[in-house]
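A.B. asks: Take a look at this one; I'll ask things after.
The values are calculated or read from the model by the stated rules, or taken from the named source; none is laboratory data. Nothing here was measured: the structure is a model prediction, and the numbers come from that model. Methodologically, a virtual Cβ is constructed for each residue, glycine included, from the backbone with ideal geometry; neighbour enumeration extends over all protein chains shown. The area values use the complete protein model at the heavy-atom level, side chains included, leaving out ligands, DNA and RNA. Shrake-Rupley method; radii C 1.70, N 1.55, O 1.52, S 1.80 Å.
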Amino acid sequence: MTAYIIRRILYAIPILIGVNILTFLLFFVLNSPEDMARMHLGEKRVTEGAIASWKAERGYDMPLLYNAGAEGLGKISETIFFEKSLKLFRFEFGSSDSGRDIGHDISQRMWPSLAIAVPVLIIGLAVNITFALLIAFFRATYIDLWSVVLCVVLMSISSLFYIIGGQYLVSKLLHLVPISGYDTGISAIKFLVLPVIIGVIGGIGAGTRWYRTLFLEEINKDYVRTARAKGLSERVVLFRHVLKNAMIPILTGVVVVLPLLFTGSLITESFFGIPGLGSYTIDAINNQDFAIVRAMVFLGSVLYILGLLLTDISYTLVDPRVRLS
Amino acid sequence: MADDEILLEVEGLSTRLGGTVKAVDGVDLTIRRGETFALLGESGCGKSMTALSLMRLLPSGGRIIAGAARLGETPLLKLSEQQMREVRGGRIGMIFQEPMTSLNPVLTIGDQIAEAVRRHDPRPGKGVRERVLELLKLVHIPAPEQRIDEYPHQLSGGMKQRVMIAGALAGRPDLLIADEPTTALDVTIQAQVLRLLKELQHETGMAILLITHDLGVVAETADRVAVMYAGEIVETGPVAPFFGQPLHPYSRKLFQSLPNKEKRGNRLDVIEGMVPPLDQPHPRCRFSPRCPLAEGRCDRETPQLAAHDEQRAVRCHFPDKPLPHIDAVPKGASGATASAIQPLLATHDLQVHFPIRKGILKRTVGHVRAVDGIDLRIPTGRTLGLVGESGCGKTTVGKGILQLIRPTGGRVMFDDTDLTALTGNDLRRRRGEIQIIFQDPFSSMNPRMTIGDIVAEGMVAQGMEKNRLACEQRVKVLLEKVGIRGDTIHRYPHEFSGGQRQRICIARALAVEPKLIICDEPTSALDVSVQAQILNLLADLQQEMGLSYLFITHNISAVSYIAHEVAVMYLGRIVESGATDRILENPRHPYTRALLASVPQADPAARHTIPALPGDLPSPASPPDGCHFHPRCPDAGDDCRRRYPDSRELADGRMVKCYRVED
């Protein structure tokens, strides 16, 4: 199994390099530093000198791949690809176009993101599994049928509706929590309650419906009939036999998103004014701050690859058929 | 305990599926303490549904609509669900057909048995594990202390079925329901399991309700038998008179459709037509449309299950009327000596090895020698039966001959051409000459193609018929030839029954005018009466078109009926081969002897203590040193452990690989 994990890690290396090259192409070749400068300096009359100084301030004045004017190793290292792209591997994100240290910003802003994403994941998982098990218990009855209809309805409603509706009902009419904003320490809770609840509700439809499918698939298997033939109660059959088998796909589905929790949610954070990485990205896009967008795109890709890697590893841990072969 | 004490009495049990399908229709049964009662029938006759009704474990949509069942004094169908849970696994244990899927893959076998122990045999903490070990020992699991913490996938099929039995015995049941307990297992393993069930019955005094489709298993193990047809019991009685002279025409036809060596050269009897649909009322005898004895009365009057003599009952108006005689249609001369004829196909030292890759870089660390040096000869117009248990490599031999898997070594000479040397277009042109029929006729046809397209595809690929109309015409002729109506070419595979699908697969193979057809377990997924139809068809086609067959199977009786020569395979090698009569009548290799002795005979007079070949088939990745068979062989000596015996020809012309066989 160790060999399997090592092999998986080795597979990740070429993918990371590919992601790095792809981000480089997207942000420096398709959209040259020249274009970036023009976009930033805006409609005002742009002089060549202004562009050159804008590029020089941000280190965009170097050649893309090969610096013929430099000495020795500098031919390679004093290039945009080396300075801006390869350094991403060391998580050196450099400065944003407005001059702030991106690495510092990220380490600051990931905590509010996690403060929302982690509770949403855990509570959502518990709620969805509970509902799905209940529906599985009442399978092939009207409760099952109408629950599925309700799930589809919940899935079909845009998450924007939940956010705006929730803010209107809970904050504006009932005045229970503030509409938006954030604070540090324990007082952050009153700002977090609503986004977390809305995040959970928004995920119920899709999650419950998927878990129900997993449970029903297991319930019809032969080993469940064997368990019933032993005289076990439906509760034991569901919890001990069905849940344990269905947890394999559920867990691996959860593990893949774990690393991505850091990057937060674009929409929720923007609407609730949470200073997390999601709103950070949105703001950067609005301000055309390509250094931040590039850093977030690369970070997101790395975390996703990490998620896939963790999935492969978790699979070997939870499934004895994989673990022991 | 009184022998005649009635344990289970079922009256008028009726079960419906999905509201309309009468899966079980008025079944009456009595099972006495300590006896083995066999419920015999073909697929879909309601025998499993009867058992699941008794356990009240019907699939969703299934409902018991009438009847009563008493286990001792307990009215099973009137119990609350909670009381019923005491009975399930307690007074009635149950084991199922598929031990592979009937155990929970993520729980250790110890946990799964312990569950049943805790439920029905409460004892303090540590006692549970001891009781589980005791149960594992009872079912003869080797090294139970180690096995108890293993997961199902680490056990062989036979071991899993033993674990299932151990779990069912945890509650010390009065009745064990065994639903096709050995159908998914190899014959030598089947023999072990049947023997184990008998032994356990002897020790515990439990009764067994054995559900099976196999007349041989009934003859070997049962005391009394009931035959089910279309949801009803059509005949019931003790085993000896039943096998001596079955009463119901359906039972009689079943016996006549069993292939065996006495019927060689004759056509097998078949049951024409199909089981009537179970979602419609039956105003007449359900078997009459297929019955050779049916008269006007059978169509007007539904027969009741009536006593025939003191012990037997039958649901037929004319149980004593003899069946019409089946004509013995002699086949072509089958006595020609095989060796004189130039072989159509000959393999020389055929090897198919699969690499085992391990480690970070997936380096090859060894080989699974699935096929390890096989010499076969098939003359034109003859059939070679390749017999062996699952995992012995017999299917890989077929694929290696077809070049579907390129052999690792050796030659495949077909009509003086070495197929292993051909590539690309040369090989493709020859593909039409060898065809294959698979075990599962449904999954071997594309469900999105019409049967006309399926049959025509090979002809198009071989460029045999360019004209569309002519092609369609040819497809129709081929379908008619295998007994499928030609106007069905626009239908899809799911619209046909299992036997019809296999006929379509045969038509597909015939379409490219092959000289050799590899039949890979062609009848294993089919019922006995349908199997007879397919075997008849194969025999007819051989006679008419001079086809050769490589008949790969584990079914000895089919081989004894259809094959001219037989080769017995064990762990990648042929251990014995020669003329079918000689090998089957007088097997010499210890494995062949054990294999043949493990096959249950449909004759209770021949009932014997089933000889159990110990152990499982070893892994072909690490076969035992020397003769692969020596760890299981009763005659093994030191020389067997050292070196694999060479092939020797005996005086009667057979080849055998064994040091112990004297000429």
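A.B. asks: Kirkwood-based Rg over Rh for the stretch B:420-560 (C-alpha set), two decimals?
C.D. replies: Computed over Cα atoms, the ratio is 0.96.
A.B. asks: Tell me, what is the percent relative contact order of chain B, built from C-alpha pairs under 8 Å that lie six or more residues apart?
C.D. replies: Value for chain B: 13 percent.
A.B. asks: Given a 1.4 Å probe and heavy atoms of the protein chains only, how would you sort B:ASP4, A:ASP319, B:ASP652, A:ASP61, largest accessible area at the top?
C.D. replies: B:ASP4, A:ASP61, B:ASP652, A:ASP319
A.B. asks: I'd like the Karplus ³J(HN,Hα) series for the stretch B:80-92: coefficients 6.51, -1.76, 1.60, θ = phi - 60°, whole numbers in Hz, and an x wherever there's a Gly or Pro.
C.D. replies: Couplings: 6, 4, 5, 5, 5, 5, 5, 6, 4, x, x, 7, 10 Hz.
A.B. asks: Let me ask you something else. Find the eigenvalues of the gyration tensor of the Cα atoms of the stretch A:118-168, then list the square roots of 5 times those eigenvalues as equivalent ellipsoid semi-axes, largest first, in whole angstrom.
C.D. replies: Details: eigenvalues 113, 52, 9 Å².
Those come to 24, 16, 7 Å.
A.B. asks: Here's something else I'd like to know. For the ranges B:534-547, A:155-168, B:159-172, B:232-245, what's the packing order if you count other beta-carbon atoms within 10 Å of each residue, average per peptide, and put the highest first?
C.D. replies: Result, highest mean first: B:159-172, B:232-245, B:534-547, A:155-168.
A.B. asks: Using a 1.4 angstrom probe, figure out how much accessible area chain B has per residue, in square angstrom, rounded to the nearest whole.
C.D. replies: I get 41 Å² per residue for chain B.
A.B. asks: For n ≥ 4 DSSP H runs only, could you compute -39500 (n - 2.57) per run for chain B, divide by its residues and tell me the 222 nm figure to the nearest 500?
C.D. replies: After summing the helix terms and dividing by the residues of chain B, the value is -9000 deg cm²/dmol.
A.B. asks: The stretch B:108-170 to the stretch B:635-663: how many Å between their Cα centroids?
C.D. replies: So the separation of the two Cα centres works out to 40 Å.
A.B. asks: Under 13 Å Cα to Cα from B:LYS261, which aspartates and glutamates show up? Leave out anything in the same chain fewer than 8 places away.
C.D. replies: Within reach: B:GLU565, B:ASP581, B:GLU585.
A.B. asks: Let me ask you something else. Over both sides of the A-B contact, add up the buried accessible area with a 1.4 Å probe and give it to the nearest 100 Å². Mind dumping the intermediate values first?
C.D. replies: Numbers: alone 18040 and 28730 Å², together 44280 Å².
Looking at A and B, the buried total is near 2500 Å².
A.B. asks: Roughly how many whole Å is it from the C-alpha centroid of the stretch A:61-108 to that of the stretch B:518-566?
C.D. replies: 74 Å
A.B. asks: Just grab the label-to-label distance for B:GLU203 and B:GLN280, each label 7 Å out from Cα along the Cβ direction, in nm (one decimal).
C.D. replies: 5.2 nm
A.B. asks: With each pseudo-label sitting 7 Å past Cα toward Cβ, what's the B:ASP638-A:VAL118 distance in nm, one decimal?
C.D. replies: That separation, rounded to one decimal, is 7.1 nm.
A.B. asks: Additional query: Computed over the Cα atoms, what is the radius of gyration of the protein assembly as shown divided by 2.2 N^0.38 Å, N being its residue count? The partial results should precede the final answer.
C.D. replies: Numbers: Rg = 35.5 Å, N = 988, 2.2 N^0.38 = 30.2 Å.
Taking the Cα Rg and dividing by 2.2 N^0.38 Å, one obtains 1.18.
A.B. asks: Still on this structure, I have one more. At 1.4 Å probe size, what's the solvent-accessible area of B:HIS628? Round to the nearest 10 Å².
C.D. replies: Ignoring ligands and nucleic acids, B:HIS628 comes out at about 10 Å².
A.B. asks: Here's another thing I want to ask about it. Using modelled backbone amide H atoms (1.01 Å from N, in-plane), which distant-in-sequence or interchain residues come within less than 5 Å of B:THR15's amide H?
C.D. replies: Placed amide hydrogens put B:ALA23, B:VAL24, B:ASP25, B:GLY26, B:ILE65 under 5 Å from B:THR15.
A.B. asks: Accessible area of chain B with a 1.4 Å probe: how many percent of it is carbon plus sulfur?
C.D. replies: That fraction is 49 percent.
A.B. asks: Explain nothing, just the number: relative contact order of chain A, from Cα pairs under 8 Å at least 6 residues apart, as a whole percent.
C.D. replies: 23 percent
A.B. asks: Another question, then. Considering only protein heavy atoms, what per residue accessible area in square angstrom results for the stretch A:13-162 with a 1.4 angstrom probe?
C.D. replies: 59 Å²
A.B. asks: Using R₀ = 60 Å, calculate the FRET efficiency as 1/(1 + (r/R₀)^6) where r is the Cβ-Cβ separation of A:VAL193 and B:ARG430; round to 0.05.
C.D. replies: The computed FRET efficiency comes out at 0.20.
A.B. asks: Set the Förster radius R0 to 56 Å, insert the Cβ-Cβ distance between A:ASN287 and A:VAL322 as r into 1/(1 + (r/R0)^6), and round the FRET efficiency to 0.05.
C.D. replies: Using R0 = 56 Å, I get an efficiency of 0.75.
A.B. asks: Return the Cα extents of the stretch A:108-324 along principal axes one, two and three, sorted largest first, each rounded to a whole Å.
C.D. replies: Rounded to whole Å, the extents work out to 63, 45, 31 Å.
A.B. asks: Hey, how many Å between the Cα centroid of the stretch B:276-313 and the Cα centroid of the stretch A:236-299?
C.D. replies: 67 Å
A.B. asks: Once Rh is set to the Kirkwood radius over Cα pairs, what Stokes-Einstein translational diffusion coefficient, in µm²/s, holds for chain B at a temperature of 37 °C and a viscosity of 0.692 mPa s?
C.D. replies: Using the Kirkwood radius from Cα pairs, D works out to 122 µm²/s.
A.B. asks: Follow-up question, since we're still on this one. Given the stretch A:108-324, what count of lysine pairs have C-alpha atoms under 25 Å apart, with each pair 8 or more places apart or on different chains?
C.D. replies: The number of close lysine pairs in the stretch A:108-324 is 4.
A.B. asks: Taking θ as phi - 60°, what are the ³J(HN,Hα) couplings along the stretch B:108-123 by the Karplus curve (6.51, -1.76, 1.60), each to the nearest whole Hz, with x for Gly and Pro?
C.D. replies: Those phi angles translate into 5, 5, x, 4, 6, 6, 4, 4, 5, 4, 4, 6, 10, 9, x, 7 Hz.
A.B. asks: Given a Förster radius of 35 Å and the C-beta distance between A:THR184 and A:LEU160 as r, what FRET efficiency does 1/(1 + (r/R0)^6) yield to the nearest 0.05?
C.D. replies: That gives a FRET efficiency of 0.80.
A.B. asks: Quick one: if you stick a label point 7 Å off each Cα along the C-beta vector at A:VAL152 and A:LEU65, how many nm between them?
C.D. replies: 5.2 nm
A.B. asks: Let me ask another. Rounded to whole Å and sorted largest first, list the principal axis extents of the Cα atoms in the stretch A:2-90.
C.D. replies: 61, 33, 18
A.B. asks: Further question on the same structure: What does the charge add up to near B:CYS316, with Lys and Arg as +1, Asp and Glu as -1, over the other residues with Cβ less than 15 Å from its Cβ?
C.D. replies: Working: positive: B:ARG252, B:LYS253, B:ARG284, B:ARG286, B:ARG290, B:ARG297, B:ARG300, B:ARG312, B:ARG315, B:LYS321; negative: B:GLU232, B:GLU235, B:GLU295, B:ASP299, B:GLU301, B:ASP309, B:ASP320.
Charge balance near B:CYS316 sits at +3.
A.B. asks: Subtracting the Cα-Cα distance from 0.36 nm times the residue separation, let me have the gained length for B:PHE255 to B:GLU145 in nm, one decimal.
C.D. replies: 35.1 nm
A.B. asks: Another question, then. Once you have the Cα-Cα distance between B:ASP4 and B:LEU469, take 0.36 nm times their residue separation minus that, and quote the gain in nm to one decimal. The partial results should precede the final answer.
C.D. replies: Working: separation 465, 0.36 × 465 = 167.40 nm, distance 6.93 nm.
Extending this stretch completely gives an extra 160.5 nm.
A.B. asks: For the stretch A:108-324, which whole-number percentage of the solvent-accessible area (1.4 Å probe, protein heavy atoms only) is attributable to carbon and sulfur atoms?
C.D. replies: Here carbon and sulfur together make up 72 percent of the probe-accessible area.
A.B. asks: I need the shape label for the stretch B:596-663. Rule: rounded when a/c is under 1.5, else prolate if a/b > b/c, else oblate, with a, b, c from the alpha carbon gyration tensor.
C.D. replies: Oblate, because a/c is 1.5 or more while a/b does not exceed b/c.
A.B. asks: Run the reach check for B:LYS22 against aspartates and glutamates, Cα to Cα strictly under 14 Å, same-chain hits fewer than 8 apart removed. What comes back?
C.D. replies: Output for B:LYS22: B:GLU232, B:ASP279.
A.B. asks: Still on this structure: Please report Rg (one decimal) and Dmax (integer) in Å for the Cα set of the stretch B:1-127.
C.D. replies: When restricted to Cα atoms, the stretch B:1-127 yields Rg and Dmax of 16.2, 50 Å.
A.B. asks: With every protein chain kept in the model, how would you rank A:TYR4, B:TYR644, B:TYR549, A:TYR304 by accessible area, 1.4 Å probe, largest at the top?
C.D. replies: Result of the area sort, largest leading: A:TYR304, A:TYR4, B:TYR644, B:TYR549.
A.B. asks: Applying the Karplus parametrisation 6.51 cos²θ - 1.76 cosθ + 1.60 with θ = phi - 60° to the phi angles of the stretch B:444-452, what ³J(HN,Hα) value in whole Hz is obtained for each residue in order, glycine and proline being reported as x?
C.D. replies: Values per residue, Gly and Pro as x: 8, 10, 5, x, 9, 10, 6, 5, x Hz.
A.B. asks: Within the set of other residues whose C-beta is less than 14 Å from the C-beta of B:ARG582, count the net charge using Lys and Arg as +1 and Asp and Glu as -1.
C.D. replies: It works out to a net charge of -2.
A.B. asks: Which of the lysines could be linked to B:LYS481 by a straight reach, that is with a Cα gap under 20 Å, when you skip same-chain ones fewer than 8 residues away?
C.D. replies: Qualifying lysines at Cα under 20 Å: B:LYS331, B:LYS515.
A.B. asks: Compare A:TRP111, A:TRP210 by solvent-accessible area with a 1.4 Å probe and give them largest first, with all protein chains kept in place.
C.D. replies: Values: A:TRP111 150, A:TRP210 115 Å².
Ranked list, largest accessible area first: A:TRP111, A:TRP210.
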